[in-house]
Amino acid sequence: MAEPPAYPVGLRLPGRRVVVLGGGQVAQRRLPALIAAGADIVLVSPEVTPSVEAMADAGEIAWERRPYAEGDLAEAWYALIATSDPEANAQASAEAERHRVWCVRSDDADQATAWTPATGHSEGVTVAVLTTDARGRDPRHTAAIRDAVVEGLRDGTLVAPHHRTRTPGVALVGGGPGDPDLITVRGRRLLAEADVVIADRLGPRDLLAELPPHVEVIDAAKIPYGRYMAQEAINNALIEHAKQGKSVVRLKGGDPYVFGRGMEELQALAEAGIPCTVVPGISSSISVPGAAGIPVTHRGVAHEFTVVSGHVAPDDERSLVDWPSLAKLTGTLVILMGVDKIGKIAETLVAHGKSPGTPVALVQEGTTAAQRRVDATLATVAETVRAAEVKPPAVIVIGEVVKVGPEPAA
């Protein structure tokens, strides 16, 4: 006769005693979820891993530095048995049975009264997967099912519509440097749930093709020296659609607050009484150099990096950058939006003490299929940009870190 399947249930553990026996790798993996569940955790083990010890030092668990002893599971609601001593595990399992404590065993699942499912989370939803056939339990298969379901919920490929009314509002989502795989999990999920998407040119455009047909996409592209959508118009569009009860995503390149005018949009929404969520994104200032093989810091080479907007020339009265001070720094200088001003920028840095031979790398269309890297020095960068026809968007890296990685492909 086939064994009946396990009955799935969610344990509510806040303030309730949970006993963990053993402080090795199993405990290290399971403890964070128990801590997040608010359990009152007592860990019994003579030794623990450094990570588990850090949890004890932080007060997240109580660690009793000794082997298991009879009575440890008294008044526990749940127990995780994961010591390296099979005899102690069997004794603890028997105690759990006597006290009617749900007990998980890492060494012998068949002797346990509970199994730990493969779990994952996606914005308010916990996915837990158990294999129902005890004779054919396959943890890797179970985990693969869990991963597929969670990823589908996160990226919108597994459609799970909300049947309760959603609170309308705006999400300012940093889309990352351009590669659609580099948007955050939360950003991708919000994009999949949007009714309206107001997108920048530098956002991950490939993601727009995945949106359902009913989603309205508004082009807020700010193309240099071309057509653009005024910031006030963007603010008004965000407010107008949110007031219509729609879920609106403002999809921006990089991070909303790194030269992205995200705070201006948030302030406009706040004044209009529109709730707003900010989802940070991977800034091109660090990700694009990294994709091109350039670390912005490196031991013994650069202990700091500075990110500067180059959209205003150094001699422009609107400039807020202290270029003379930047010329004196020994670390890495990363310039965004500075392709057409790089000649004047290089000239200013050299005039204030930077060596003309300082390495420079320009990375155009970073992280995308069109990425290319062009190398120069401060003395040659202006002519190199003209000769190589470097166009925005491009991230400019100035400093010795340019030479740290492998030689760029010709």
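The values are calculated or read from the model by the stated rules, or taken from the named source; none is laboratory data. Every value quoted in this text rests on a predicted model; they were computed, and no experiment measured them. Glycine also receives a Cβ, built like all others from the backbone with ideal geometry; neighbour counts cover every protein chain displayed.
Summary table
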read-out: Pairs, first outside the structural domain of Leu202 (by TED's automatic domain parsing) and charged (D, E, K, R) in region 169-181, second surrounded by fewer than 24 Cβ atoms within 10 Å (Cβ to Cβ) and modelled with pLDDT of 95 or more, C-beta under 8 Å, six or more apart; value: none
read-out: Residue, farthest from Lys328 (Cα to Cα), within region 349-371, restricted to residues that are touching a Leu at 6+ places or on another chain (Cβ under 9 Å) and of a type outside the set (A, V, I, L, M, F, W, C); value: Thr367
read-out: Verdict on Thr358 being polar (S, T, N, Q), out of contact with any helix residue (DSSP H, G or I) (no Cβ under 8 Å at 6 or more places or on another chain) and either more than 24 Å from Gly260 (Cβ to Cβ) or not assigned by TED's automatic domain parsing to the domain that holds Leu182 (or both); value: no
read-out: Test for Gly10: is it in contact (Cβ under 8 Å) with a residue 40 or more places away in the chain and loosely packed, with under 11 Cβ neighbours inside 10 Å; value: yes
read-out: Selection count where residues are touching a Ser or Thr at 6+ places or on another chain (Cβ under 7 Å) and in a loop (DSSP other than H, G, I, E, B), scope region 254-279; value: 4
read-out: Flag for Val52 being in the same structural domain as Asp107 (by TED's automatic domain parsing), farther than 16 Å from Arg105 by Cβ, among the β-branched types (Val, Ile, Thr) and in contact with a helix residue (DSSP H, G or I) (Cβ under 9 Å, 6 or more places away or on another chain); value: yes
read-out: Any hit, region 341-351, residues being in the same structural domain as Thr297 (by TED's automatic domain parsing), assigned to a loop (DSSP other than H, G, I, E, B) and at pLDDT 95 or above; value: no
read-out: Candidate set: region 292-335, residues that are of a type in the set (Ser, Thr, Tyr) and touching a residue at least 24 places away in the same chain (Cβ under 8 Å); chosen: the one nearest to Gly353 (Cα to Cα); value: Thr330
read-out: Residue that is free of Cβ contacts under 8 Å to residues at least 24 places away in the same chain and either outside the structural domain of Val26 (by TED's automatic domain parsing) or within 19 Å of Leu11 (Cβ to Cβ) (or both), where the choices are Asp108, Asp147, Asp138, Asp40; value: Asp138
read-out: Residue list for region 378-402, filter: assigned to a helix (DSSP H, G or I) and either among the charged types (D, E, K, R) or free of Cβ contacts under 8 Å to residues at least 60 places away in the same chain (or both); value: Val381, Ala382, Glu383, Thr384, Val385, Arg386, Ala387, Ala388, Glu400
read-out: Residue in region 37-47 that is at pLDDT below 95 and not small (Gly, Ala, Ser) present; value: no
read-out: Residue in region 27-49 that is in contact with a Ser or Thr (Cβ under 6 Å, 6 or more places away or on another chain) and over 22 Å from Ala74 (Cα atoms) present; value: yes
read-out: Residue count, region 211-227 (criterion: at pLDDT 55 or above and in a loop (DSSP other than H, G, I, E, B)); value: 7
read-out: Failed item, numbered, when Val278 is tested on (1) surrounded by fewer than 20 Cβ atoms within 10 Å (Cβ to Cβ); (2) aliphatic (A, V, I, L, M); (3) under 13 Å from Asp200 (Cβ atoms); value: (3)
read-out: In region 359-410, the residues that are closer than 17 Å to Arg201 by Cα and within 27 Å of the chain's Cα centre (by Cα); value: Gln364, Glu365, Gly366, Thr367, Thr368, Ala369, Ala370, Gln371, Pro392, Pro393, Ala394, Val395
read-out: Residues satisfying the stated conditions in region 100-128, i.e. in a loop (DSSP other than H, G, I, E, B) and surrounded by 13 or more Cβ atoms within 10 Å (Cβ to Cβ); value: Val101, Ser106, Asp107, Ala112, Thr113, Ala114, Trp115, Thr116, Pro117
read-out: Residue count for region 344-373, restricted to those that are within 18 Å of Val296 (Cβ to Cβ) and not charged (D, E, K, R); value: 12
